[in-house]
Amino acid sequence: SKFGKRRVWFLVGILPIFASMVLIWLPVGFTSDFSLFVYYFLAYIFFYTVSTMVLVPYGALSAEMAEQFQDRNKLTGFRMFFSMLAALLSGTIPEMIINRFADQRTGHLVMSIVFGILFMLPWIFVYFGTWDKHEEKTEQRPTNFVKNFASIFRNKSFRIHIVMYIFAYATMDVLMGWIKFYLADYLHRPGFFMIGMASILVTQIVSLPLYIALSNRRGHAAAFRLGLFIMALGMAAMYLHNEHTPVISLIINWVFIGLGQSAAVLVPYQLLPFVADVDELVTGEKRAGTYAGAMTLIRKLIQGALVLPLLGLILSLISYLGPLPKAFTPEDFNANIRPMVSEKAPESLALVEGA
């Protein structure tokens, strides 16, 4: 269109992005569980549809706005800088907004309005600050959606790339999904969550230039391997901590994890335009949008249909009851622990009483 091949979606998505964010956190008056399920199910589908509508063309633009190896790496790195900064804000500010209101529902609604605006407005600047690659208009051949999507898996580079992407991001999903339980139940330090998240995300941002420079000088493989090695060491070190571990040791551990995660976040997106180039050499077609769409789809399938449900299933299988206090009196037990155990896991009551 006259607004561009990909960029037009940024304009279309502005208002739906705001609406989708608010609808997820909107307090609704439904009384039945089924009605609540249907509402939030549809709200989530709307949110993910809208986010996909802008993120797919956004991801494809890096292949068109730069062609040189170093330029692409820098462009992707700059983009990921703001992505990580957004993650830092999204992981710390919402709780501050919510806690300012006595009614949690009001707090969540106000938070959703604030972040709906923050998520909506940048797309105006992204539209005017980017460009589509000029192409001579040619007759478009009819394309079968399923065949077009399936054909990209013939590209060996893409198969390797998507495995790198899935495992790196699934690892981060597991870490983020478990970290609250680790702090509350294992270290008995639930209040450390904000500090820990900030340590990880700030380190990710600060270390981006390191991995951009390493990618340009030594290649993507060197940067990715170094990052994963550091992240593996950092996550393994979590086993060594206990409730008496000094705070500074925990922060150093979190910084180490963030230093490794920076490469895991960056490199798969640096590789995307080059994987699309390989496809163009083989097929003669420019399908960066298809590859960006595949990354988005597979990421959401793995996260939403596998990782997060699996974490919930594990908690259910072990009859997780929530964080317990480090020490409690018999009065505390009778008032708080016994009713919770009786309701959620009555078969475990005798064991808990004996303990």
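So here's what we get for this one:
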{"quantity": "Distance between modelled label sites at S1 and A150, nm, 7 Å Cα→Cβ extension", "calculated": "3.1"}
{"quantity": "Global form of the range 106-197, assessed from the alpha-carbon gyration tensor, a/c cut-off 1.5", "calculated": "oblate"}
{"quantity": "Three-way shape label, the range 12-102, alpha-carbon gyration tensor, a/c 1.5", "calculated": "oblate"}
{"quantity": "Mean Cβ neighbour count within 10 Å, used as a protection proxy, ranking 52-65, 271-284 highest first", "calculated": "52-65, 271-284"}
{"quantity": "Highest to lowest packing among 166-172, 177-183, 311-317, scored as the average C-beta count within 10 Å", "calculated": "166-172, 177-183, 311-317"}
{"quantity": "Rg to Rh, two decimals, where the range 200-304 supplies the alpha carbon set and Rh follows Kirkwood", "calculated": "1.10"}
{"quantity": "Accessible area per residue in Å² at 1.4 Å probe, computed on the chain", "calculated": "57"}
{"quantity": "Approximate spin-label separation T245-A86, in nm, with each point projected 7 Å along Cα-to-Cβ", "calculated": "3.1"}
{"quantity": "Fraction of accessible area attributable to carbon and sulfur, the range 137-254 (%, probe 1.4 Å)", "calculated": "67"}
{"quantity": "Peptides ranked, highest mean first, by Cβ atoms within 10 Å: ranges 114-126, 94-106", "calculated": "114-126, 94-106"}
{"quantity": "Rounded to whole Hz, the Karplus (6.51, -1.76, 1.60) HN-Hα couplings of the range 244-249, x for glycine and proline", "calculated": "9, 5, x, 4, 4, 5"}
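The values are calculated or read from the model by the stated rules, or taken from the named source; none is laboratory data. Everything numeric in this text was worked out from a predicted model, so none of it was measured. When we count neighbours, we look across all protein chains shown, and the Cβ atoms used for this are built from the backbone with ideal geometry, even at glycine. To get the accessible areas, we keep the full protein, side chains included, count just its heavy atoms, and leave off ligands, DNA and RNA. Shrake-Rupley method; radii C 1.70, N 1.55, O 1.52, S 1.80 Å.
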